[in-house]
Amino acid sequence: MQRLPDEEIEALAAEHRRLWPLMPILHARIAKLAGKEAVRACAKRLHMFSKQGNKLGIHFEHELEMDVFQDYLLYMYRPRGFSLVRQMFNRNRYPQGSDEQMLLAGMAQARFSVFWIRETHPAGGLVALDVITGEDFFILNQLLPQQQDVTGVLTTFRIFPFRGVWMHTGANMAFGQIEDAGDLRPMGRRLNEKEERDLNESNIRRWRALLKETA
């Protein structure tokens, strides 16, 4: 990964701060495309489906699970090959050149992976090793760099391209710190759609189990 000058990082971080409030708005609008069958199918795959008497619904054991479930629903539910995010982008609801359409174009290319945080930047970004591909990415993020030392944290989330670097979709699942990434042994390739979904689901199961242990 080419190291970016500090002034370029600061400019990108400022643009990210300006656009970040649009992400939950877009996610909420995209979520309205999901019918009951989509929600039910995702809840079943993630073992979050509950049935009490005649009532069917989603059972969250921790409030953090809501964001993770929505992230999976919007980006991984693809009954006809198109995620809900891609469907919103294809509708051309927003004018070409608008912030919303620009974000959607990137979001439609989002992918889930496991990351080891190599370093953080005070302007609002981080350098992370993709544990699957072995690549380093500069990821704009207003949340993680502000937390107490996150260097060395092993975490999972979804990223998408933005102005030559990457943005985070918002939901993340942390699995603790690792001092040395030498034992992680990346696969050195991108996952196909099924492999990515399996990785997403397996990490959600692991993370939920971890939440139970630490509750």
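Under 8 Å between Cβ atoms, which residue pairs at least 6 apart in sequence (or on different chains) link something in segment 5-20 that is free of Cβ contacts under 8 Å to residues at least 60 places away in the same chain with a partner that is in a helix (DSSP H, G or I)?
Here the result reads none, with nothing in segment 5-20 linked to a residue that is in a helix (DSSP H, G or I).
So if I check each of Pro95, Pro79, which one is assigned to a loop (DSSP other than H, G, I, E, B) and without any contact (Cβ under 8 Å) to a residue 40 or more places away in the chain?
Values: Pro79 fails: without any contact (Cβ under 8 Å) to a residue 40 or more places away in the chain.
On inspection, the qualifying residue turns out to be Pro95.
Looking at segment 109-135, I want the residues that are in contact (Cβ under 8 Å) with a residue 40 or more places away in the chain and within 24 Å of Leu84 (Cβ to Cβ) and have a partner that is polar (S, T, N, Q) and in a loop (DSSP other than H, G, I, E, B) with Cβ atoms under 9 Å, at least 6 apart or on another chain. Which pairs are those?
Listed pairs, sorted by first residue: Ala110/Ser83; Ser113/Thr133.
For Arg86, indicate whether it is under 18 Å from the mean Cα position of the chain (by Cα), closer than 15 Å to Arg197 by Cβ and outside any helix (DSSP H, G or I). Let's see the steps before the verdict.
Values: under 18 Å from the mean Cα position of the chain (by Cα): yes; closer than 15 Å to Arg197 by Cβ: yes; outside any helix (DSSP H, G or I): no.
Taking the combined requirement at face value, the residue does not satisfy it.
Filter segment 121-136 for residues that are small (Gly, Ala, Ser), assigned to a loop (DSSP other than H, G, I, E, B) and surrounded by 17 or more Cβ atoms within 10 Å (Cβ to Cβ) and give the result. Give the derivation first.
So the first thing to find is which residues in segment 121-136 are small (Gly, Ala, Ser), and the list is 123-125, 128, 134.
If we keep only those that are assigned to a loop (DSSP other than H, G, I, E, B) too, we end up with 123-124, 134.
Answer for segment 121-136, where residues must be small (Gly, Ala, Ser), assigned to a loop (DSSP other than H, G, I, E, B) and surrounded by 17 or more Cβ atoms within 10 Å (Cβ to Cβ): Ala123, Gly124.
Might you check whether a residue that is modelled with pLDDT under 95, within 15 Å of the chain's Cα centre (by Cα), of a type outside the set (Val, Ile, Thr) and closer than 30 Å to Asp99 by Cα occurs anywhere in segment 32-54?
No: zero hits.
Out of segment 32-75, which residues are free of Cβ contacts under 8 Å to residues at least 24 places away in the same chain and either among the β-branched types (Val, Ile, Thr) or touching a Phe, Trp or Tyr at 6+ places or on another chain (Cβ under 9 Å) (or both)? Break it down stepwise before answering.
Initial filter on segment 32-75 (free of Cβ contacts under 8 Å to residues at least 24 places away in the same chain): 32, 35-37, 40, 44, 48-60, 63, 66.
Matches in segment 32-75: Arg40, Met48, Leu56, Gly57, Ile58, His59, Phe60, Met66.
Matching residues to (1) outside any strand (DSSP E or B); (2) touching a residue at least 40 places away in the same chain (Cβ under 8 Å):
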| position | (1), (2) |
| --- | --- |
| Ala171 | no, yes |
| Glu179 | yes, no |
| Met187 | yes, yes |
| Lys194 | yes, no |
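Filtering segment 162-173 down to residues that are on the phi < 0 side of the Ramachandran plot and out of contact with any helix residue (DSSP H, G or I) (no Cβ under 7 Å at 6 or more places or on another chain), which residue is modelled with the highest pLDDT?
Per the criteria, the residue is Trp166.
Condition (residue is surrounded by fewer than 21 Cβ atoms within 10 Å (Cβ to Cβ), at pLDDT 95 or above and out of contact with any Phe, Trp or Tyr (no Cβ under 8 Å at 6 or more places or on another chain)) applied to segment 151-161: is it met by at least one residue?
So far as segment 151-161 goes, yes, one or more of its residues are surrounded by fewer than 21 Cβ atoms within 10 Å (Cβ to Cβ), at pLDDT 95 or above and out of contact with any Phe, Trp or Tyr (no Cβ under 8 Å at 6 or more places or on another chain).
The values are calculated or read from the model by the stated rules, or taken from the named source; none is laboratory data. This structure is a prediction, so every number in the text was calculated from the model and none was measured. Cβ: placed from backbone, ideal geometry, glycine included. Neighbour counts: every protein chain shown.
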